[in-house]
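The values are calculated or read from the model by the stated rules, or taken from the named source; none is laboratory data. Worth saying up front: this structure is predicted, and the values here are computed from it rather than measured. Glycine gets a Cβ as well: all are built from the backbone with ideal geometry, and neighbour counts include every protein chain shown. Just so you know, the surface numbers come from the protein's heavy atoms only, side chains and all, with ligands and any DNA or RNA stripped out. Shrake-Rupley method; radii C 1.70, N 1.55, O 1.52, S 1.80 Å.
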Amino acid sequence: MSILRSMLFVPGDSEKKLAKGAGIGADALILDLEDAVAAARRPLAREMICEYLSSADRARSELWVRMNPLDSADALRDVAAVVRARPDGIALPKCNGPEDVVQLSHWLDVLEVEHAIPAGSIEICAIATETAVAPFALGRYKGAPRLRILTWGAEDLAAALGASTNKDAAGDYTAPYVLARSLCLFGAYAAGVQGLDTVQPDFRNPAKLREECNEARRDGFLGKIAIHPDQVAVINECFTPSAEEIAHAQVVIDAFKANPDAGTLSLDGKMIDMPHLKQAERLMSIVTRRT
Ligand code: COA
Ligand code: MG
């Protein structure tokens, strides 16, 4: 399964943005039915999204749909309306835990049968830190059906907590949101799914975006959400292993291959041991999964 470096949110009721989204180079688009679309326009947005899904070139970007939260009246209407047009996946906002993923998966089981879509083919991305209870569930996603991506959100979590802001004076996340981010990362690896970093809402600040991308990649996230076309190229670049990184990883792997009985070796005056080999192998698997 390939890795999604960039997932670009596109409001589902904007003809202009839907048209523009196709050519931006995002690994995936998330056609939004939730926060970016006013409630009164959701029926129209569902129609527009179905039409888009039916006509767009899937080879360019995977096409996902963000539904409304499970406890809202719109949730089942969203899923029932869009499945017939075969989205690659559904993004589930305000997900409280793996039980919510199971419920959505049951809906998809039925709708896939109804529309003669291969069973289990529509995947799920859980936005898994947007309610007060959600962070407590992050260690329990292993085995959740259809789950491919675990991501986090800081804006809705701040709203859920009545916080006045989620950033400090320097523009960095305050402690509760740093914790949510870390738990999301642990949860993704514990579940064996891709960890995706959250949005950088200040879309006119490419320097801050790059900083967040580099920190996310350093920590183990494999991609980041975009909300504006200008963010996509930066995200793709930051989450693509460089030629030097690939070459170095290959040297580490070759060194251990040439010395099968060694647990630790010296490379360019530095010690390398099993964690370095594991890291190198992980990087090479990212490269393979991208091609
Ligand atoms: N997807 C596709 N196209 C987009 C886009 C997006 N997310 N955001 C902007 N564009 C288009 C604009 O329509 C504009 O097109 P044009 O050159 O043909 O006129 C171009 O990109 C430049 O946009 P710009 O004028 O810089 O931004 P804006 O003021 O039109 O829009 C936002 C700013 C934040 C409203 C817009 O980026 C947006 O809607 N983002 C997604 C929001 C969202 O989905 N949020 C929910 C998840 S947090
Ligand atoms: Mg939101």
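Quick notes
- The sole residue among Ala22, Ala91, Ala81, Ala36 that is within 11 Å of ligand 1 (Cβ to nearest atom) and in contact with a Cys (Cβ under 7 Å, 6 or more places away or on another chain) is Ala91.
- Whenever a residue of region 175-190 is without any contact (Cβ under 8 Å) to a residue 60 or more places away in the chain, its partners that are open to solvent by less than 10 Å² (accessible area, probe 1.4 Å) and of a type in the set (Val, Ile, Thr), lying with C-beta atoms within less than 6 angstrom and at least six residues away or across chains, give the pairs Ala180/Thr129; Cys184/Thr129.
- Region 102-120, residues that are under 23 Å from Leu196 (Cα atoms) and open to solvent by less than 50 Å² (accessible area, probe 1.4 Å): Leu104, Ser105, Leu108, Gly120
- The residue list Gly187, Gly120 contains one member that is touching a Phe, Trp or Tyr at 6+ places or on another chain (Cβ under 7 Å) and small (Gly, Ala, Ser), which is Gly187.
- No other residue among Val232, Val178, Val252 is more than 16 Å from ligand 2 (Cβ to nearest atom), more than 24 Å from Asp35 (Cα to Cα) and β-branched (Val, Ile, Thr) apart from Val252.
- Strands (runs of 3 or more DSSP E) fully within region 202-290 that include at least 3 residues being open to solvent by less than 40 Å² (accessible area, probe 1.4 Å) and in contact with a Leu (Cβ under 7 Å, 6 or more places away or on another chain): 223-226.
- Residues in region 103-139 that are under 28 Å from Ala154 (Cβ atoms) and assigned to a helix (DSSP H, G or I): Gln103, Leu104, Ser105, Trp107, Leu108, Ala134, Pro135, Phe136, Ala137, Leu138, Gly139.
- Extreme residue, farthest from ligand 2 (Cβ to nearest atom), among residues of region 156-168 that are open to solvent by 70 Å² or more (accessible area, probe 1.4 Å) and either in a helix (DSSP H, G or I) or not assigned by TED's automatic domain parsing to the domain that holds Pro135 (or both): Leu161
- When residues of region 191-201 are limited to those that are touching a Phe, Trp or Tyr at 6+ places or on another chain (Cβ under 9 Å) and within 12 Å of ligand 1 (Cβ to nearest atom), the one most open to solvent (accessible area, probe 1.4 Å): Val199
- Among residues of region 47-68 being modelled with pLDDT under 95 and among the basic types (Lys, Arg), the one that is farthest from Val83 (Cα to Cα) is Arg60.
- Among the residues here, Asp32 does not qualify as within 20 Å of Leu147 (Cα to Cα), assigned by TED's automatic domain parsing to the domain that holds Ala216 and without any contact (Cβ under 8 Å) to a residue 24 or more places away in the chain.
- Residue in region 147-155 that is in contact (Cβ under 8 Å) with a residue 60 or more places away in the chain, in the same structural domain as Leu70 (by TED's automatic domain parsing), touching a Gly at 6+ places or on another chain (Cβ under 7 Å) and not in a helix (DSSP H, G or I) present: yes
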